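First comes the structure, then the notes that go with it.
Just so you know, all these numbers are worked out from the coordinates, no wet-lab data involved. Everything numeric here is computed off the predicted structure, so don't read it as measured data. Counting neighbours? That spans all protein chains shown, and the Cβs are built from the backbone with ideal geometry, glycine included.
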Amino acid sequence: MPKVTYLHADGTEDVVDAQDGVSVMRTAVTKGVKGIVGECGGELMCATCHVYVLKPVNLASERSEDEDEMLEFAASPRRDNSRLSCQIIMDEPLDGLVVETPEAQN
Amino acid sequence: MARVKFDVVIIGAGKAGSQCAVSLRDEGFAGTIAVFGDEPSIPYDRPPLSKAFLTGVEATEDLVLRAQSVYADQKIDLILDTRVIALDRLNHTLELEGGDEVEFDELVIATGARVRPLPFDGVDLDGVTGLRTIDDAVQLRARLQEADRVVVIGGGFIGLEVAAVAASVFGCTVTLVEALPQLMSRTGLPESAAYVAAHQRALGIDVLLNTPVKGLRGEGGRVAVVVLGDGRELATDVVVYGIGVIPGTDLAESAGLEVANGILVDRTLATSDPHIWAIGDCASYPSVFTAGVVRLESVQNATDQARHVARAIATGKREPYVSVPWFWSDQAEMRIQTAGLTTGFDETVVVGNREDGAFTVLAFLDGRLLGGDSVNASRDHLALRKILGTEPSLWSALLTPLAARAKEFSLREFARNVDSLKASETVL
Ligand SMILES: Cc1cc2nc3c(=O)[nH]c(=O)nc-3n(C[C@H](O)[C@H](O)[C@H](O)COP(=O)(O)OP(=O)(O)OC[C@H]3O[C@@H](n4cnc5c(N)ncnc54)[C@H](O)[C@@H]3O)c2cc1C
Ligand code: FES
């Protein structure tokens, strides 16, 4: 199973086994990882699943136009490596993904 | 009879109740918190029940709003399968089913709503169902897998979503029956409603407007026929109804709190008792986005109100609730998104192209923008949310029906301009 690492603002981290085909948002929510809310259930309506992607760096550029606009509503500052984690679907090539959760989601 | 006390008690373990408990901790609230819910499952999300969960793409664990461990970690007592049956305002106590008593300092009522039953005989027939809970959805999915013919009663969002799934995923022959001349009559605008009707028909759904239902008839305990107002009969295997909900106001009402469609709260979301709050589907509140009081049924409303009340309780500061209302509905490949509150409009303008199937209907009253429906136009929807969330004096004189009708008008560009106006305002 591909692994995701969630780094938190308070210095702690969670390393979680993700299921293939499940989003980084849903993985966090079902495993009780803090810092990701996912209020709309992954529908690109809420921006409460905002993360900063640390690894792999090229993942940040895979944003769709809709995701890009939705990121404007994120509660924490948007950066070049901002993504909405409900739009990142886990699979084997993404094994070792590292994301940082923002200070606030809403 | 046991008696326990919590600093905050939340009645209802749904979207609003769960969010309020977690937000109290986010706001630094250190007191004791209990959430009582009468359903057996940990708080879950309802929108997928008529979408990805109904089709079978999502499983039960995908519906969970937060893992069980989150409540324990945050020291939130989540007490499920337990109904609160009475509220004693004078003594600040609740009575639980079974007789136990619970005392509180602050009470948040988040009891949501239940399906409004059909007003005629036959509702108990096998094969007739509403849709609100996981159990409802599991049962409905099993029925749709076996059914050839489905009749949906009610052309609101839930009925439309179920009809789309039944036709496009389960291949059923679907008839959707609506008593009024327009679909989504409560919240939708005429242009978007007409587009939705055409879209449903393109999915092969027979959409009957102006068609009240008189009753249901069964055979051997199973539903077999839907009888229409004009006497016509529709043979069917399954009947799904979505004719609105009944808000969970009983506790509040018997405790003497004011009820007006929902539990009546002020602009800060407090009831007539300052230590009792109501949020989500069960609450009627005066919105800055419309005249009078409204009771909304949406994820946005449940979660934003939950956060608002959590902040008020945690900080002791009572502020007016002003979040922009938004909502979405998915029907097969079509998505409709609304922002603002458009009831009472006197003029509409369509931005974008209806023929392309991607457009936004803006609604105005006396030349002032109330909000709008976006059909397959997510970025317009977000632009609209941004505009409505900005102080109206900055833009409302500029966004008139006349301006919106101009050929070169773009909601996204307008939103960007409003954004820069806002920025210069803050600098000044
Ligand atoms: C099929 C369906 C599809 C939807 N689709 C969308 C959508 O696409 N977009 C959108 O924005 N919204 C959608 N909604 C609406 C959204 O789900 C609701 O607005 C939201 O769930 C409201 O949250 P709530 O917490 O106020 O109420 P609820 O989620 O109803 O939670 C209230 C809870 O309180 C419990 N309760 C009630 N009385 C008591 C008592 N006395 N003691 C203990 N517990 C009690 C109830 O059983 C329930 O579990 C949909 C709803 C349904 C049913
Ligand atoms: S969960 Fe709402 S946008 Fe990602």
**Report entry** Candidates per GluC sites (Glu not before Pro) in the range B:318-380, loop by DSSP, up to 10 other Cβ within 10 Å
**Finding:** B:GLU355
Report summary line: Given a Förster distance of 25 Å, the FRET efficiency implied by the Cβ-Cβ spacing of A:LYS3 and A:ARG79, rounded to the nearest 0.05, works out to 0.60
Report summary line: Phi-derived 3J(HN,Hα) across the range B:365-378 with the Karplus relation (6.51, -1.76, 1.60, θ = phi - 60°), rounded Hz, x for Gly and Pro, is 10, 6, x, 9, 6, 9, x, x, 9, 10, 10, 6, 9, 4
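Could you compute the net charge surrounding B:GLU425? Neighbours are other residues with a C-beta less than 14 Å from the C-beta of B:GLU425; K and R count +1, D and E count -1. If you can, show how the numbers build up before the last one.
Numbers: positive: B:LYS422; negative: B:GLU391, B:ASP419.
Once all neighbours under 14 Å are counted, the net charge is -1.
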Report summary line: In nm, the gap between the two label points placed 7 Å beyond Cα toward Cβ at B:ARG405 and B:ALA179 is 3.7 nm
Requested in this report: Starting from the Cα of B:ASP100, step 7 Å along the direction of its Cβ; do the same at B:ASP250; then give the gap between the two resulting points in nm.
Outcome: 2.0 nm
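Can you pull out the GluC sites (Glu not before Pro) in the range B:151-201 whose DSSP state is coil and whose Cβ has at most 15 other Cβ atoms within 10 Å? Walk me through the numbers before you get to the answer.
On the way: sites: B:GLU161, B:GLU178, B:GLU191; in loops: B:GLU178.
Loop-located and lightly packed - none at all.
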**Report entry** R0 of 25 Å, Cβ-Cβ distance B:ASP366-B:LEU421: FRET efficiency to nearest 0.05
**Finding:** 0.65
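Name the chymotrypsin sites (Phe, Trp or Tyr not before Pro) in the range B:233-302 that are in a loop by DSSP and that have at most 14 other C-beta atoms within 10 Å, would you? Spell out each step's value before the answer.
On the way: sites: B:TYR241, B:TRP277, B:PHE289; in loops: B:PHE289.
Sparse-neighbourhood loop chymotrypsin sites (Phe, Trp or Tyr not before Pro): none present.
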Query raised in the report: Roughly how many Å is it from the Cα centre of the range B:141-173 to that of the range B:61-108, as a whole number?
Result: 35 Å
Report task. Kindly put B:HIS381, B:HIS275 in sequence by how many other C-beta atoms sit within 10 Å of each C-beta, fewest to most. Result -> B:HIS275, B:HIS381
Query - Paramagnetic reach from B:LYS214 (point 7 Å along Cα→Cβ, amide N under 18 Å) across the range B:233-261 - result: B:233-236
Query - Cα-centre dipole for the protein assembly as shown with unit charges at Cβ (Lys and Arg positive, Asp and Glu negative), debye to 20 - result: 820 debye
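Can you put B:LYS317, B:LYS214, B:LYS407 in order, fewest other beta carbons within 10 Å first?
Details: B:LYS317 9, B:LYS214 13, B:LYS407 4.
With the sparsest Cβ surroundings first, the list reads B:LYS407, B:LYS317, B:LYS214.
What's the average, rounded to a whole number, of partner chain beta-carbon atoms within 10 Å of each residue's beta-carbon in B:44-54?
On the way: counts 0, 6, 1, 4, 3, 0, 0, 2, 3, 1, 0.
The mean count of partner-chain Cβ atoms within 10 Å per residue comes to 2.
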Report summary line: If amide H atoms are modeled at 1.01 Å from N in the peptide plane, then the residues at a separation of 5 or more from B:ARG132, or on another chain, having amide H under 5 Å from its own are B:ALA137
Query raised in the report: Quick one: Karplus J couplings for the range B:188-197, per residue in order, coefficients 6.51, -1.76, 1.60, θ = phi - 60°, nearest Hz, x for Gly and Pro?
Result: x, 8, x, 5, 6, 5, 5, 5, 4, 4
Report summary line: Here the residues of the range A:15-35 lying in the modelled label zone of A:ASP66, meaning backbone nitrogen under 20 Å from a point 7 Å along Cα-to-Cβ, are A:21-27
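Assuming R0 = 30 Å, what is the FRET efficiency of A:ASP95 and B:LYS75, from their Cβ-Cβ distance, to the nearest 0.05? All intermediate terms of the calculation are to be shown ahead of the outcome.
Values: r = 35 Å, r/R0 = 1.15.
My answer for the efficiency is 0.30.
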Report task. Taking H placed 1.01 Å from N in the peptide plane, check which residues at least 5 places from B:ALA278 or on another chain put their amide H under 5 Å from its amide H. Result -> B:ILE109, B:THR271
Query raised in the report: Using alpha-carbon positions, what is the distance between the centroids of the range B:1-37 and the range B:261-333, in Å?
Result: 17 Å
Report summary line: Spelling it out for B:GLY262: with amide H atoms placed in the peptide plane at 1.01 Å from N, the residues 5 or more places away or on another chain with amide H under 5 Å from its amide H are B:SER284
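In chain A, what percentage of the DSSP-assigned beta bridges are antiparallel, given to the nearest 5? All intermediate terms of the calculation are to be shown ahead of the outcome.
On the way: 12 of 16 bridges.
Looking only at bridges with both residues in chain A, the antiparallel portion is about 75 percent.
Provide B:LYS5, B:LYS15, A:LYS34 in ascending order of the number of other Cβ atoms located within 10 Å of each residue's Cβ, fewest first.
On the way: B:LYS5 14, B:LYS15 26, A:LYS34 20.
Taking fewest neighbouring Cβ atoms as first place, the list is B:LYS5, A:LYS34, B:LYS15.
Suppose we keep just the DSSP beta bridges with both residues in the range B:128-209; what percent of those would be antiparallel, to 5?
Values: 0 of 8 bridges.
For the range B:128-209, the DSSP antiparallel bridge percentage is about 0.
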